[in-house]
Amino acid sequence: MELEKEQIANKPIMPIWVSIPLFIIASRILMLVTSVVYVSFEQLIKTDSVYVSLFKEIIQWSILAAVTTFTAYIFLKYIDLVSPKELGLSIKGRAKDCLGGFLLAIVLYAIGFSVSLMLGAVSVTEVHFDFLLLTLNLLLFFVAAWFEEVLCRGYIQGRLMTKMNKFLALGITSIIFSALHLGNQHIDVLPMINLFLAGIMLGASFLYTRNLWFPIVLHMFWNWIQGPVLGYEVSGTERLSLLTLSLPENNIINGGAFGFEGSIICTVLLILASGLIILWGEKK
């Protein structure tokens, strides 16, 4: 009897098919409100340089990450009636997760870039080392990864997993994740497929660990290596980089204007990486 009373007391205020859309709407409203503060801040900085522009981007994405994390915390605690720890941001004992995310990103791009070079799909025309530029970009991609992982994996996937098969929850979340990029430049069918597969790869570990540090670090270094280091467009967005690439032609081998995420090489690597993560999780 006491257990039944406790279960009733902890029953969410609303079902997930209501709370998830409401969470997204609430996050967007708070983003609009805080954007007023950001615009005021941006107008104070008159200097126009690549470093200042990056700093502004970091501030903007940091606001998005903070607002989304705050909204998720409020929804978990007061609407879903569960501990905010379920968001998966506990860092204690997660050093191996962070290292694993970092190493996987390196291995995937070491393979993908090497294959692209051997096939003649890309070539390096220039090397330009700028430590500050690389560091600022790494910080930018950290807060951007934090925002997207808290939004998609931490809250949406986490809530879906309480009501349905974990793989179905992963698939739905990955569809939402890919849909968030529909407004990106040069979006096409193959990039959308790869973004869906990227969502699978990033969310696979969360099925078993319920922690975000592996996908946050993997997401951060995936984008950083892809753009500021290797010189690809990051999901259709061009950035100054360590390497300057030349593409003989735009095709599905090099990803064309969308970048590596628009390539068939990326498709294969994402499928393999996702499979390995799921295999590891099932064995554990």
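The values are calculated or read from the model by the stated rules, or taken from the named source; none is laboratory data. Quantities reported herein were computed from a predicted structural model and do not represent experimental measurements. Cβ sites come from the backbone with ideal geometry, for glycine too, and all protein chains shown count toward neighbours.
For LYS85, which of the numbered conditions (1) among the charged types (D, E, K, R); (2) loosely packed, with under 15 Cβ neighbours inside 10 Å; (3) in contact with a Pro (Cβ under 7 Å, 6 or more places away or on another chain) fails to hold? (3) is the only condition that LYS85 fails.
Just the residues that are part of a helix (DSSP H, G or I) and at pLDDT 90 or above, please, taken from the range 3-22.
Of all residues in the range 3-22, those part of a helix (DSSP H, G or I) come to 3-9, 16-22.
Scanning the range 3-22 gives ILE16, TRP17, VAL18, SER19, ILE20, PRO21, LEU22.
Summed over the range 251-284, residues that are touching a Phe, Trp or Tyr at 6+ places or on another chain (Cβ under 9 Å), surrounded by fewer than 16 Cβ atoms within 10 Å (Cβ to Cβ) and under 29 Å from PHE129 (Cα atoms) total 0.
Can you name the helices (runs of 4 or more DSSP H) wholly within the range 135-224 that have at least 3 residues being touching a residue at least 12 places away in the same chain (Cβ under 8 Å) and either buried (at least 18 other Cβ atoms within 10 Å of the Cβ) or basic (Lys, Arg) (or both)? Even if it seems obvious, please write down each step before you answer.
On the way: elements: 166-179, 189-204, 206-209, 213-224.
Ranges flagged: 166-179, 189-204, 213-224.
Considering ILE74, ILE25, ILE58, ILE63, the condition of being in contact (Cβ under 8 Å) with a residue 60 or more places away in the chain, part of a helix (DSSP H, G or I), within 26 Å of MET220 (Cα to Cα) and within 25 Å of the chain's Cα centre (by Cα) is satisfied by ILE58 alone.
Answer yes if at least one residue in the range 104-114 is hydroxyl-bearing (Ser, Thr, Tyr), in contact (Cβ under 8 Å) with a residue 24 or more places away in the chain and either assigned to a helix (DSSP H, G or I) or over 30 Å from LEU160 (Cα atoms) (or both), and no otherwise. Outline the logic, then answer.
Within the range 104-114, the first condition is being hydroxyl-bearing (Ser, Thr, Tyr), and the residues that meet it are 109, 114.
With in contact (Cβ under 8 Å) with a residue 24 or more places away in the chain added as a condition, the list becomes 109.
Still in the running and either assigned to a helix (DSSP H, G or I) or over 30 Å from LEU160 (Cα atoms) (or both): 109.
So far as the range 104-114 goes, yes, one or more of its residues are hydroxyl-bearing (Ser, Thr, Tyr), in contact (Cβ under 8 Å) with a residue 24 or more places away in the chain and either assigned to a helix (DSSP H, G or I) or over 30 Å from LEU160 (Cα atoms) (or both).
Of all residues being at pLDDT 75 or above, in a helix (DSSP H, G or I) and under 16 Å from LEU140 (Cβ atoms) in the range 39-53, which is nearest to the chain's Cα centre (by Cα)? Just the residue, please. By that ranking, first place goes to SER53.
Mind checking whether some residue in the range 226-244 is buried (at least 16 other Cβ atoms within 10 Å of the Cβ) and in contact with a Lys or Arg (Cβ under 6 Å, 6 or more places away or on another chain)? Yes, some residue in the range 226-244 is buried (at least 16 other Cβ atoms within 10 Å of the Cβ) and in contact with a Lys or Arg (Cβ under 6 Å, 6 or more places away or on another chain). Among the conditions (1) in a loop (DSSP other than H, G, I, E, B); (2) more than 25 Å from ALA257 (Cβ to Cβ), THR69 misses just one, which is (1).
For (1) among the small types (Gly, Ala, Ser); (2) within 24 Å of LEU136 (Cβ to Cβ); (3) modelled with pLDDT of 95 or more; (4) out of contact with any strand residue (DSSP E or B) (no Cβ under 9 Å at 6 or more places or on another chain), each residue gets a yes or a no:
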position	(1), (2), (3), (4)
TRP224	no, yes, yes, no
LEU240	no, yes, no, yes
GLY256	yes, no, no, yes
GLY259	yes, yes, no, no
ILE265	no, no, yes, yes
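For the range 114-130, the criterion of being modelled with pLDDT of 95 or more, surrounded by 13 or more Cβ atoms within 10 Å (Cβ to Cβ) and either within 23 Å of the chain's Cα centre (by Cα) or among the basic types (Lys, Arg) (or both) is satisfied by no residue at all.
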